[in-house]
Amino acid sequence: MAAKKLNIKDKYRLLTRDLDWDFSYEDPKKAFPYEEFEGIKITDWDKWEDPFRLTMDTYWKYQAEKEKKLYAIFDAFSQNNGHLNVVDPRYVNAVKLFLTGVSPLEYQAYQGFAHVGRQFSGVGARVACQMQSLDELRHVQTQIHAMSHYNKFFDGLQEFSHQHDRVWYLSVPKSFFTDARSAGPFEFMIAIGFSFEYVLTNLLFVPFMSGAAHNGDMATVTFGFSAQSDEARHMTLGLEVIKFLLEQHEDNLPIVQKWIDKWFWRGTRLLTIVAMMMDYMLPKKVMSWKEAWEVYFEEAGGALFKDLARYGIKMPKYVEVIEKEKEHISHQAWWTFYTHGHAAGFHTWIPSDEELDWFSEKYPDTFDKYYRPLWEMAKEMEAKGERFYTTGLPQLCQVCQIPMLFTEMDNPNQNAMRDTMYKNERYHFCSDGCCDIFEEEPEKYVQAWLPVHQIFQGNCGGPEMGDILSDFYRMNVGHDNMDMKGSPDEKRWNKWKGVA
Amino acid sequence: MTIEIKTAMLEPVRNTFAHIERRFGDKPATRYQEATYDVASEVNFHYRPIWQPEFELNDSGRTAIVMEDWYAFKDPRQFYYGSYVQARAKQQEVSESNYKFFEKRDLARLISDEIKQKLIRLLVPLRHVEQAANLNNVYGSSLGYGTAITQALLYNGMDRLGNAQYLSRIGLILDGNTGDSLVVAKHHWVEDSVWQGVRAYCEANICVEDWFESFVAQDVVLDALVYELVYIQFDAWLQENGAQDIGMLTEFIQNWNKDTNRWVDSVLKIAAADCSENKALLEQWVSTWRGKAVEALAPLATEMLGEGALDHAVAALDKRLQKAGLFK
Amino acid sequence: MPVYALNPGYTGERMDRVENFGGNQVVYFGWDEHRMFCAAKAFPLPPSMPFAAVMEKILPEAFGQHPEFSQINWDTAEWLLNNEPFKPQMDASLEAQGIDHKSLIRFKTPELKGYAGAGV
Amino acid sequence: MSKVYIALQDNEQSRYIVEAIEETNPDSTIIHMPAMIRVEREHKLVIDREVVEEKMGREWDVQELHVNLITLGGNVDEDDDRFVLEWKL
């Protein structure tokens, strides 16, 4: 008997989708207790369209192939002291921020997708989420392995895990992800699966990684692009989730739209760090943050939202603010880190004159007017031997937890400030977007562990800043922090390169 | 001479990350160590889960098992993602050539209809048991504590999906890719009295809240018994009854079991050794679930192999439990 | 709705209640259109602190690095307390003049345009 | 009309895939960037297994695409013979 050939779709249906059965000995709600409380209505999980159809054997095969290639490059990188090929040692500070700020998010993504990959009662969605969970675990581990070599030769990477749980600026990415994970399973999928993976991670993993290659960092670009090859599956899952929810029931539309509004805002705030990494921490430039934003958000995201319009989905709220902010945020963020360079776990610096000119060219409407004067002032101060480190601690936004550094788009000289009262206590926000998020769910956001307030409450040791940095954050003060100029990193680099 | 100077100049500043150095000393670390230890967040989660506010997002309190150090659960296989997928890829390559060979030579035609029916009724429905095991292991991975055990639980969960898919392919080989055998097998799983005990056991375990208890009920108790019954005893029976080629199709799961048992036993041993409360609790869980499993598997074991088969399997389980330090 | 939780009764622990600050309250100070300082600054202060002490100690510590700080004409400075026009009373305590926990005080110095007149 | 796009790691395999894409979708735009190749096209882009196999001179499984893929934009439809990216407007 000649067996008929099965196509990929039928095979996947038989091997995977058919594994579930209807419970008769237990209440399925006890097995899948989190599926209803968010108000999302699922009428038929069978309508789920598998975004990709990898069976586990194929998954192991292709992923092992990717891993083999990747680790061969890591091995070669460390055997040949690949860190010496970086075009400029300032670049390595981007790697430090990546390992302390981003890699732990991959870990949280692993945990979050494992959770929804257990909790959805539809097998198709569940398996897709489980595979993503496994991929995310891959990402955090390959990133640690890629940066393991840098850790041996540069300061500021050695306490990434401890610092992610504590350091003031790292509470920004951390709280972004704990916000998503502490939400219900469908909100998590819109937050991470759709908003973050479909549009926002591209900005980190595509133009930034291409920039890493341009700056001579083969280890990072290799894990970046290798991770991104999984990301294409994740993006497809993110898009399928939203289509599925919208096709299941019309009542899902307002809920999904609310989550899109929230998570695009929260995501763009988080990407402020990436904006700064792209513009300021890649010494050799590929494209500006503004250009990357135009290609990956405005163009690609625009096409996406046009496609989703047939379901009644609109562009995220405050998209007009976001469009203006692309001209500003990278400059505002780097100035913040530069002026808090004593309290950062990586080095900061004044951009070179060539870089300042590049900014003028890339940001003709804003750079010379608003940001060049900051650097002129910093240069003057540095020349006088008074490198500017600001005193005291900044006010933080209750939601995104970023210092309140963003300005009003109709008056970019003035910081934007919003506030609201809840249960007789005042809360402050960097923007209408963050304020809206708080007002929608204040009981959630009153719990924010705001680093500045925690220091004041005496929960971070101290009270001297130096003690907080060295004992609570476990920074190696005088090595990890302060200006790139005169840092041990710079001295070692010069020694390796034979520069006096 | 110049080479010597260059090497001296490129002396590393440190050998590994600080948290790895605190555990293992100031020396170069393995990839397993750097990928595993102290990677998960421990404090300052900002928001309590709206679906479970009694716990933090990462909280060791979701099981009654207590550990001095949750990173004590070193995986004897030292699987991190890269070593895990590469190990499985090698196994699947062998398995793929087995399946191809079996299909190409149409070895199914050498198997009697009677045995085919037996396989569809008694072997193929195990894909649903694997599906339950997938849920239970992923559950532990998502709510468990410390990367050492949670990553291994995820690998195990995905393995179970792989096992379910391999078992489904046996059905497809037997029915010439029509999928009819899978429909029949599922019917047995849902209706046939031989399976109802096992199905009730699986459904009950999926609803267990304590993730470590769920691990015990699945990976320790049920898996050990199924492994002995199906992949050792039934495999031998097939060999004796002219269906030895099926062994080519279950080889993956057999080898997988050997590999995984090492990890399961080590988890049990490490948890039991940590404190007497753990040991007592594990013994209580094992006793409860072993009782249920024996009852659930009895009709299946009898139908598959006759009297006495289950006793052998229970004896093998007890031996493993003893070796792990329980019940002594 | 204060939160969309699985079960009713979800309440978040308010992390920054004034009782948690050991007798102090948090007050934020911002100098409008002076971007040398990336954001307003936060200080834990005793509610009994007179505003004169803010002028003497806190504001110089917060903003004294700016070359224009010494040129501020405090008589013409415009103040906002939590978005409302405000006139500080030097001898009164913070709490006596309505500066409570997590209050934001902003001041504007219209004649000072910042470094290079660029709002820096 | 919106553009769909795909980006591949710049390596030997991808060069064949890009050649195949160009042949199947003559009016697509190829952009070379550091370490990556980006291909864009209005509305729809098709990768045809047979054309890739012809370029590579060997059998090629559509799912192999994932090994070299960096990112994409558009709705994906993948079967044994084709990988299709499309905006359904």
Any hit, the range B:31-43, residues being facing chain A (nearest Cβ under 10 Å), open to solvent by less than 40 Å² (accessible area, probe 1.4 Å), more than 25 Å from the chain's Cα centre (by Cα) and closer than 30 Å to A:VAL116 by Cβ: yes
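Could you say which residue among A:PHE194, A:PHE186 is crowded, with 22+ Cβ neighbours inside 10 Å and either away from chain B (no Cβ under 14 Å) or free of Cβ contacts under 8 Å to residues at least 40 places away in the same chain (or both)?
A:PHE194
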Residue in the range A:305-320 that is modelled with the highest pLDDT, counting only those that are open to solvent by less than 40 Å² (accessible area, probe 1.4 Å) and more than 14 Å from A:VAL256 (Cβ to Cβ): A:VAL319
Enumeration of residues in the range D:15-30 that are without any contact (Cβ under 8 Å) to a residue 24 or more places away in the chain and within 9 Å of the chain's Cα centre (by Cα): D:VAL18, D:GLU22
Failed condition for A:ARG181, given (1) open to solvent by less than 10 Å² (accessible area, probe 1.4 Å); (2) farther than 21 Å from B:TYR37 by Cα; (3) basic (Lys, Arg): (1)
Close pairs (6 angstrom Cβ cut-off, 6 or more residues apart or separate chains): within 13 Å of chain A (Cβ to nearest Cβ) and of a type outside the set (Lys, Arg) in the range D:41-69, open to solvent by 20 Å² or more (accessible area, probe 1.4 Å) and assigned to a strand (DSSP E or B) anywhere: D:GLU42/D:LYS3; D:ASN68/D:GLN9
Unmet criterion (only one of (1) closer than 21 Å to A:ASN413 by Cβ; (2) open to solvent by 20 Å² or more (accessible area, probe 1.4 Å)) for C:PHE107: (2)
First in the range B:273-301 and in contact (Cβ under 8 Å) with a residue 60 or more places away in the chain, second anywhere and hydroxyl-bearing (Ser, Thr, Tyr) and part of a helix (DSSP H, G or I), Cβ under 9 Å, 6 or more apart: B:TRP289/B:TYR201; B:LYS292/B:TYR201; B:ALA293/B:TYR201; B:GLU295/B:TYR201; B:ALA296/B:TYR201; B:LEU297/B:TYR201; B:PRO299/B:SER193
Index of the failed condition, A:GLY392 passing every other in (1) of a type outside the set (Phe, Trp, Tyr); (2) under 19 Å from C:ALA42 (Cβ atoms); (3) open to solvent by less than 10 Å² (accessible area, probe 1.4 Å): (3)
Only listed residue being of a type in the set (D, E, K, R) and within 30 Å of A:PRO442 (Cβ to Cβ), chosen from B:GLU42, B:GLU21, B:GLU11, B:GLU34: B:GLU42
Selected residue (criterion: most open to solvent (accessible area, probe 1.4 Å)) from residues of the range C:18-34 that are at the interface with another protein chain (Cβ under 7 Å from one of its Cβ atoms) and among the charged types (D, E, K, R): C:GLU33
Number of the condition not met by A:TRP263 [criteria: (1) in contact (Cβ under 8 Å) with a residue 12 or more places away in the chain; (2) open to solvent by 10 Å² or more (accessible area, probe 1.4 Å)]: (2)
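Each row is one residue, and each column tells you yes or no for (1) out of contact with any helix residue (DSSP H, G or I) (no Cβ under 6 Å at 6 or more places or on another chain); (2) open to solvent by 30 Å² or more (accessible area, probe 1.4 Å); (3) at pLDDT 95 or above.
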{"site": "A:GLU382", "(1), (2), (3)": "yes, yes, yes"}
{"site": "A:PHE388", "(1), (2), (3)": "no, no, yes"}
{"site": "A:LEU396", "(1), (2), (3)": "no, no, yes"}
{"site": "A:GLN401", "(1), (2), (3)": "no, no, yes"}
{"site": "A:ASN411", "(1), (2), (3)": "yes, yes, yes"}
{"site": "A:ARG418", "(1), (2), (3)": "no, yes, yes"}
Residue ID - surrounded by the fewest Cβ atoms within 10 Å (Cβ to Cβ), chosen from residues in the range A:88-99 that are assigned to a helix (DSSP H, G or I) and either within 11 Å of chain B (Cβ to nearest Cβ) or of a type in the set (D, E, K, R) (or both): A:ARG90
Of the criteria (1) within 12 Å of chain A (Cβ to nearest Cβ); (2) open to solvent by less than 70 Å² (accessible area, probe 1.4 Å), which one D:HIS32 fails: (2)
Listing of helices (runs of 4 or more DSSP H) fully contained in the range B:172-244 that carry 3 or more residues being more than 10 Å from chain A (Cβ to nearest Cβ) and buried (at least 21 other Cβ atoms within 10 Å of the Cβ): B:211-215, B:223-226
Condition check for C:ILE99: more than 7 Å from chain A (Cβ to nearest Cβ), of a type in the set (A, V, I, L, M, F, W, C), open to solvent by less than 20 Å² (accessible area, probe 1.4 Å) and part of a loop (DSSP other than H, G, I, E, B): yes
Residue selected from the range A:16-63 under the condition closer than 24 Å to B:ALA87 by Cβ and more than 9 Å from chain B (Cβ to nearest Cβ), by the criterion modelled with the lowest pLDDT: A:PHE52
Boolean, B:ASN156 is within 11 Å of chain A (Cβ to nearest Cβ), surrounded by 24 or more Cβ atoms within 10 Å (Cβ to Cβ) and either at negative phi or among the acidic types (Asp, Glu) (or both): no
Per-region count, the range A:346-380, residues farther than 26 Å from A:PRO173 by Cβ and either open to solvent by less than 10 Å² (accessible area, probe 1.4 Å) or of a type in the set (Lys, Arg) (or both): 8
Only listed residue being more than 11 Å from every other protein chain (Cβ to nearest Cβ) and part of a helix (DSSP H, G or I), chosen from A:ALA219, A:ALA227: A:ALA219
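If I ask for residues that are within 15 Å of A:ALA378 (Cα to Cα) and open to solvent by 20 Å² or more (accessible area, probe 1.4 Å), which ones from the range C:58-67 would you list? Walk me through how you get there before you give the answer.
First, pick out the residues of the range C:58-67 that are within 15 Å of A:ALA378 (Cα to Cα): C:65-67.
Hits for the range C:58-67 are C:GLN65, C:PRO67.
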Spans of helices (runs of 4 or more DSSP H) in the range A:1-87 with at least 3 residues open to solvent by less than 40 Å² (accessible area, probe 1.4 Å): A:8-15, A:56-79
Where B:ILE149 falls short, out of the listed (1) surrounded by 23 or more Cβ atoms within 10 Å (Cβ to Cβ); (2) facing chain A (nearest Cβ under 10 Å); (3) within 27 Å of A:LYS30 (Cβ to Cβ): (2)
Qualifying residue in the range B:116-133 (condition: free of Cβ contacts under 8 Å to residues at least 24 places away in the same chain, hydrophobic (A, V, I, L, M, F, W, C), farther than 23 Å from A:LYS30 by Cα and open to solvent by 10 Å² or more (accessible area, probe 1.4 Å)): no
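The values are calculated or read from the model by the stated rules, or taken from the named source; none is laboratory data. What you see is a predicted model, and the numbers here were worked out from it, not measured in a lab. Counting neighbours? That spans all protein chains shown, and the Cβs are built from the backbone with ideal geometry, glycine included. The area values use the complete protein model at the heavy-atom level, side chains included, leaving out ligands, DNA and RNA. Shrake-Rupley method; radii C 1.70, N 1.55, O 1.52, S 1.80 Å.
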